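Asks: Could you have a look at this structure, given as structure tokens, before my questions?
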Amino acid sequence: MGRNRSFDETEVLDRAVSLFWSHGYGATSVRDLERAMGMSSASFYNAFGDKRSLFKRSLQHYLDRSSRQRVALLDASPSPREAIEAFLDAIVEASSQSRDGCLLVNSAAEVAAHDVELGEDVAAGLREVEEALHRAVVRGQSDGSISDRLDAPAFAKAILGTIVSIRVMSRTASGTAYLRALADSQIAMLAPATPSGGRSGGSSGEG
């Protein structure tokens, strides 16, 4: 029989995520991780194997506690257009509060091009968001709340690209107004056209 672990896995993964997120994969050493997680070398290797294996676990743990929760809200919402707006609002708010960016996006820039397997994990995480956005756009087009002139797959990619941009630009201290403008550029595209050829829900420019 194996020995019971003497640590809380959720807690130590939270600590690993925090370190990878703030320092990056390359700059985080095993010794750094052991100290942050409060584990001996033997316990670390018995539980997680090596830094790369821990990073893979940490990335999934991060996704479970961030983007997958937002995706679940997006899928569950009866108002897909409002849900997309809320999704983008949440990204702007989170990005305005920290210059650490997003572990998934940071990893896309740092490790995805140099490690095929880690790159596939990162791509899968981004694809989960894109597919959820695509589903929401299609639902919104079906209920009339989102413009049917949009190419749903292409627009989902565009929103994802904007989310990535917001996350990257937040690390440059661009300011909340700049991040807000990036999000609003996509939100403005959602509104269906009015009979006069304009867009519903916007300003007429009069008064």
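Asks: Only one residue in 74, 88 is over 19 Å from residue 170 (Cα atoms), of a type in the set (A, V, I, L, M, F, W, C) and over 10 Å from the mean Cα position of the chain (by Cα), so which one is that?
Replies: From the options 74, 88, the qualifying one is 74.
Asks: Report, by residue number, each residue of region 20-51 that is in contact (Cβ under 8 Å) with a residue 40 or more places away in the chain and in a loop (DSSP other than H, G, I, E, B).
Replies: 24, 25, 26
Asks: Follow-up. Right, residue 54: in the same structural domain as residue 127 (by TED's automatic domain parsing), under 22 Å from residue 121 (Cβ atoms) and assigned to a helix (DSSP H, G or I) or not? Steps first, answer last, please.
Replies: Numbers: in the same structural domain as residue 127 (by TED's automatic domain parsing): no; under 22 Å from residue 121 (Cβ atoms): yes; assigned to a helix (DSSP H, G or I): yes.
For residue 54, the condition - in the same structural domain as residue 127 (by TED's automatic domain parsing), under 22 Å from residue 121 (Cβ atoms) and assigned to a helix (DSSP H, G or I) - is not met.
Asks: Can you confirm whether residue 27 is loosely packed, with under 13 Cβ neighbours inside 10 Å and within 13 Å of residue 107 (Cα to Cα)?
Replies: yes
Asks: For residue 144, work out the one condition from (1) among the small types (Gly, Ala, Ser); (2) at positive phi; (3) surrounded by 15 or more Cβ atoms within 10 Å (Cβ to Cβ) it doesn't fulfil.
Replies: In the conditions (1) among the small types (Gly, Ala, Ser); (2) at positive phi; (3) surrounded by 15 or more Cβ atoms within 10 Å (Cβ to Cβ), residue 144 misses (3) alone.
Asks: For residue 106, work out the one condition from (1) among the polar types (S, T, N, Q); (2) free of Cβ contacts under 8 Å to residues at least 24 places away in the same chain; (3) in contact with a Phe, Trp or Tyr (Cβ under 9 Å, 6 or more places away or on another chain); (4) assigned by TED's automatic domain parsing to the domain that holds residue 166 it doesn't fulfil.
Replies: Condition (2) is where residue 106 drops out.
Asks: Could you tell me whether region 120-136 includes any residue that is surrounded by fewer than 15 Cβ atoms within 10 Å (Cβ to Cβ) and small (Gly, Ala, Ser)?
Replies: Checked against the condition, which is being surrounded by fewer than 15 Cβ atoms within 10 Å (Cβ to Cβ) and small (Gly, Ala, Ser), region 120-136 yields at least one hit.
Asks: Among 113, 109, 94, 124, which is the only one that is in a helix (DSSP H, G or I) and either over 16 Å from the mean Cα position of the chain (by Cα) or modelled with pLDDT of 95 or more (or both)?
Replies: 124
Asks: Still on this structure, please answer the following. Against the condition more than 27 Å from residue 17 (Cβ to Cβ), touching a residue at least 40 places away in the same chain (Cβ under 8 Å) and either in contact with a Gly (Cβ under 8 Å, 6 or more places away or on another chain) or not in a loop (DSSP other than H, G, I, E, B) (or both), how does residue 129 come out, does it pass?
Replies: For residue 129, the condition - more than 27 Å from residue 17 (Cβ to Cβ), touching a residue at least 40 places away in the same chain (Cβ under 8 Å) and either in contact with a Gly (Cβ under 8 Å, 6 or more places away or on another chain) or not in a loop (DSSP other than H, G, I, E, B) (or both) - is not met.
Asks: Yes or no: residue 17 under 26 Å from the mean Cα position of the chain (by Cα), assigned by TED's automatic domain parsing to the domain that holds residue 129 and either under 19 Å from residue 100 (Cα atoms) or part of a helix (DSSP H, G or I) (or both)?
Replies: Judged against the criteria, residue 17 is not a match.
Asks: With respect to residue 84, determine if the residue is part of a loop (DSSP other than H, G, I, E, B), out of contact with any Cys (no Cβ under 8 Å at 6 or more places or on another chain) and either on the phi < 0 side of the Ramachandran plot or modelled with pLDDT of 95 or more (or both).
Replies: When the stated conditions are applied, residue 84 does not pass them.
Asks: Continuing with the same structure: Return yes when residue 105 is within 22 Å of residue 28 (Cβ to Cβ) and either crowded, with 16+ Cβ neighbours inside 10 Å or in contact with a helix residue (DSSP H, G or I) (Cβ under 8 Å, 6 or more places away or on another chain) (or both) and no when it is not.
Replies: yes
Asks: Also, quick follow-up: Looking at region 132-148, which of its residues are in contact (Cβ under 8 Å) with a residue 12 or more places away in the chain, of a type in the set (Ser, Thr, Tyr) and either assigned to a helix (DSSP H, G or I) or touching a helix residue (DSSP H, G or I) at 6+ places or on another chain (Cβ under 6 Å) (or both)?
Replies: 145
Asks: Restricting to region 31-67, give me the number of residues that are crowded, with 19+ Cβ neighbours inside 10 Å and among the hydroxyl-bearing types (Ser, Thr, Tyr).
Replies: The total comes to 3.
The values are calculated or read from the model by the stated rules, or taken from the named source; none is laboratory data. Just so we're clear, the structure is a prediction, and the values are computed from it rather than from any experiment. Cβ atoms come from the backbone with ideal geometry, glycine included; neighbour counts cover every protein chain shown.
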